[in-house]
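Here's the structure we're looking at; comments come further down.
The values are calculated or read from the model by the stated rules, or taken from the named source; none is laboratory data. Everything numeric in this text was worked out from a predicted model, so none of it was measured. Methodologically, a virtual Cβ is constructed for each residue, glycine included, from the backbone with ideal geometry; neighbour enumeration extends over all protein chains shown. Ligands, DNA and RNA are excluded from the accessible area calculation, which covers all protein heavy atoms including side chains. Shrake-Rupley method; radii C 1.70, N 1.55, O 1.52, S 1.80 Å.
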Amino acid sequence: MYGFFAVINRIKYLKRWSRMPNIREETVAQHSYLVAVLAHAIGVIHNAEVVSSEADRVDPNRLAVYGLYDDVAEIITGDPPTPVKYANEQIRRAYEELTQQASSTMLATLPLEYQATYKPILERELSNLEKQLHCRVVDRTSLILDIFAQRARSHEGKLQVELAQLEHLA
């Protein structure tokens, strides 16, 4: 059991790959913390503002846990640049498979009696989270570009934002 947490502890040493120059580097642990905080907040807001029936409610605490463990596979795979991960469908599928293998490797470091608890956390799919929240899950840059897209007034501005969005996904 301690092997799992010893490996998890390595997350604080991994530097995140940044698409834009930053004043200071961010570790995967710092990023995971922020993802957990935002995921929890989104769950709270979703339940307060969006939900029309009890069946549509989400557990904000569960979303926070998903955020904490979101990048655990990167302890094994590293944090490859986003343009590389999504360069084409074949590479995206290969990276997804590699991530699943890394998650399975992490899961195997736990005693059998704890694996059932951690399996849904480590081996979940982003699309399941999107289905549960009934919304698209995006990274920070995509969110910023979406805001610019909503506020762009001129035709030229809209085209510039659309180009930036396409370059970000490329």
_Pairs please, first residue from the stretch 81-94 and within 15 Å of Leu166 (Cα to Cα), second anywhere and outside any helix (DSSP H, G or I), Cβ atoms under 7 Å, 6+ apart in sequence or on different chains._
Thr82/Arg19; Pro83/Ala170
_Being open to solvent by 50 Å² or more (accessible area, probe 1.4 Å), in contact with a helix residue (DSSP H, G or I) (Cβ under 9 Å, 6 or more places away or on another chain) and over 16 Å from Asn9 (Cα atoms) is the filter here; which residues of the stretch 72-95 pass it?_
Val84, Tyr86, Ile91, Arg92
_List pairs: first residue in the stretch 47-66 and basic (Lys, Arg), second residue modelled with pLDDT of 90 or more and part of a helix (DSSP H, G or I) anywhere in the structure, Cβ distance under 9 angstrom, at least six positions apart or on different chains._
none
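Conditions tested, residue by residue: (1) outside any helix (DSSP H, G or I); (2) modelled with pLDDT of 85 or more; (3) closer than 25 Å to Thr117 by Cβ.
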{"residue": "Lys12", "(1), (2), (3)": "no, yes, yes"}
{"residue": "Pro21", "(1), (2), (3)": "yes, no, no"}
{"residue": "Ser32", "(1), (2), (3)": "no, yes, yes"}
{"residue": "Ala36", "(1), (2), (3)": "no, yes, yes"}
{"residue": "Ala48", "(1), (2), (3)": "no, yes, no"}
{"residue": "Ala55", "(1), (2), (3)": "no, no, yes"}
{"residue": "Ala64", "(1), (2), (3)": "no, yes, yes"}
{"residue": "Val84", "(1), (2), (3)": "no, no, no"}
{"residue": "Leu98", "(1), (2), (3)": "no, yes, yes"}
*Please go through the stretch 24-39 and pick out each residue that is surrounded by fewer than 17 Cβ atoms within 10 Å (Cβ to Cβ), touching a residue at least 24 places away in the same chain (Cβ under 8 Å) and among the hydroxyl-bearing types (Ser, Thr, Tyr).*
Tyr33
*Checking Ala152 against (1) at pLDDT 80 or above; (2) within 29 Å of Glu49 (Cα to Cα), the condition it does not meet*: (1)
*Regarding Ile42, is this residue in contact with a helix residue (DSSP H, G or I) (Cβ under 6 Å, 6 or more places away or on another chain), open to solvent by 80 Å² or more (accessible area, probe 1.4 Å) and touching a residue at least 12 places away in the same chain (Cβ under 8 Å)?*
no
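Table: residues versus (1) at pLDDT 70 or above; (2) in contact with a Leu (Cβ under 7 Å, 6 or more places away or on another chain); (3) not in a helix (DSSP H, G or I).
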{"residue": "Ile76", "(1), (2), (3)": "yes, no, no"}
{"residue": "Tyr95", "(1), (2), (3)": "yes, no, no"}
{"residue": "Gln101", "(1), (2), (3)": "yes, no, no"}
{"residue": "Glu113", "(1), (2), (3)": "yes, no, no"}
{"residue": "Ile121", "(1), (2), (3)": "yes, no, no"}
{"residue": "Arg124", "(1), (2), (3)": "no, no, yes"}
{"residue": "Asn128", "(1), (2), (3)": "no, no, no"}
{"residue": "Val137", "(1), (2), (3)": "no, yes, yes"}
{"residue": "Asp146", "(1), (2), (3)": "yes, no, no"}
*Among the numbered criteria (1) under 21 Å from Tyr2 (Cα atoms); (2) among the acidic types (Asp, Glu); (3) in a helix (DSSP H, G or I), which single criterion is violated by Asp71?*
(3)
